[in-house]
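Working notes, structure below.
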Amino acid sequence: MLAWLGITGGVAFGSAVFPLISVELFLVGLVSDHHHHPPMSCWLLGAVVALGQVAGKLVYFYASRGAVALPAFMRPNTSAAQRRTRWRVAVHWASRWFGVLRAKCERHPGWLLGTTGISAVTGIPPFMAMTMLAGVARMPVGAFLCTTLLGRFLRFSAIAAAPALVLRLV
């Protein structure tokens, strides 16, 4: 069972760093197939996935604060040739947008906390964007961790419980 929990945590971390990986699909597949692994509590799975997800998102949180060095092509102050690339234009507009949002979030910290919590549970607004906004707006690390761990725990515990609930209704 510990091996499966480790794999689950690794997939959760990977999906947080590389959004093309779906921890939701992995989790549903894991809880739906009891022939290849022991049954696990939806609460335990929710906690493991929440820890992996939030650990992975901390990379983006700290990068948005400037505490983690980004690759050269993602840095705001790049060469003239790189500024003309589509990526550079996207980074430029995103940084302007984040600047406006940062000012609003600093004036209304409850809005940022609430929106981050809702995003952690529902994925709306996108959790990746809210993670970066929380970093840019200098949300306290403790508030970010508490809000996102609780929200992700609720989300992934519900996803882990969903197949069993559906099968009982059928």
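The values are calculated or read from the model by the stated rules, or taken from the named source; none is laboratory data. Predicted model only: the values in this text are computed from it and were never measured. Positions of Cβ are backbone-derived with ideal geometry, glycine not excepted, and every protein chain shown enters the neighbour counts.
Taking the options 87, 93, 111, 97, name whichever one is modelled with pLDDT of 75 or more and either of a type in the set (Phe, Trp, Tyr) or assigned to a helix (DSSP H, G or I) (or both).
Criteria check complete, one pass: 111.
State yes or no: is residue 103 out of contact with any Pro (no Cβ under 6 Å at 6 or more places or on another chain), over 30 Å from residue 6 (Cα atoms) and modelled with pLDDT of 70 or more? Break it down stepwise before answering.
Numbers: out of contact with any Pro (no Cβ under 6 Å at 6 or more places or on another chain): yes; over 30 Å from residue 6 (Cα atoms): yes; modelled with pLDDT of 70 or more: yes.
Yes: the conditions hold for residue 103.
For segment 13-23, state whether one or more residues are in contact with a Ser or Thr (Cβ under 7 Å, 6 or more places away or on another chain), over 14 Å from residue 160 (Cβ atoms) and buried (at least 20 other Cβ atoms within 10 Å of the Cβ).
Scanning segment 13-23 turns up at least one residue that is in contact with a Ser or Thr (Cβ under 7 Å, 6 or more places away or on another chain), over 14 Å from residue 160 (Cβ atoms) and buried (at least 20 other Cβ atoms within 10 Å of the Cβ).
Give the residue that is farthest from residue 158 (Cα to Cα), with candidates limited to residues of segment 1-25 that are β-branched (Val, Ile, Thr) and touching a residue at least 12 places away in the same chain (Cβ under 8 Å).
Among them, the one singled out is 17.
Exactly one of (1) closer than 25 Å to residue 28 by Cα; (2) within 11 Å of the chain's Cα centre (by Cα); (3) surrounded by fewer than 22 Cβ atoms within 10 Å (Cβ to Cβ) is unmet by residue 152. Its number?
Residue 152 satisfies every listed condition except (3).
When you scan segment 119-170, how many residues do you find that are modelled with pLDDT under 95, among the basic types (Lys, Arg) and in a helix (DSSP H, G or I)?
Residues flagged as modelled with pLDDT under 95, among the basic types (Lys, Arg) and in a helix (DSSP H, G or I) within segment 119-170 amount to 1.
Quick one: what pairs do we get from segment 26-46, first residue assigned to a helix (DSSP H, G or I), second at pLDDT below 80 and among the hydrophobic types (A, V, I, L, M, F, W, C), C-beta under 8 Å, 6+ apart or different chains?
Listed by first residue and then by second, the contacts come to 31/164; 42/164.
List pairs: first in segment 115-126 and closer than 9 Å to residue 148 by Cα, second charged (D, E, K, R), Cβ under 6 Å, 6+ apart or cross-chain?
120/152; 121/155
Identify the residue in segment 102-131 that is of a type in the set (Gly, Ala, Ser) and under 16 Å from residue 143 (Cβ atoms) and, among all such residues, is surrounded by the fewest Cβ atoms within 10 Å (Cβ to Cβ).
For segment 102-131, the residue satisfying everything is 110.
Yes or no, residue by residue, for (1) of a type in the set (Asp, Glu); (2) surrounded by fewer than 12 Cβ atoms within 10 Å (Cβ to Cβ); (3) at pLDDT below 90:
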residue: 8; (1), (2), (3): no, no, no
residue: 28; (1), (2), (3): no, no, no
residue: 51; (1), (2), (3): no, no, no
residue: 67; (1), (2), (3): no, yes, yes
residue: 72; (1), (2), (3): no, yes, yes
residue: 82; (1), (2), (3): no, no, yes
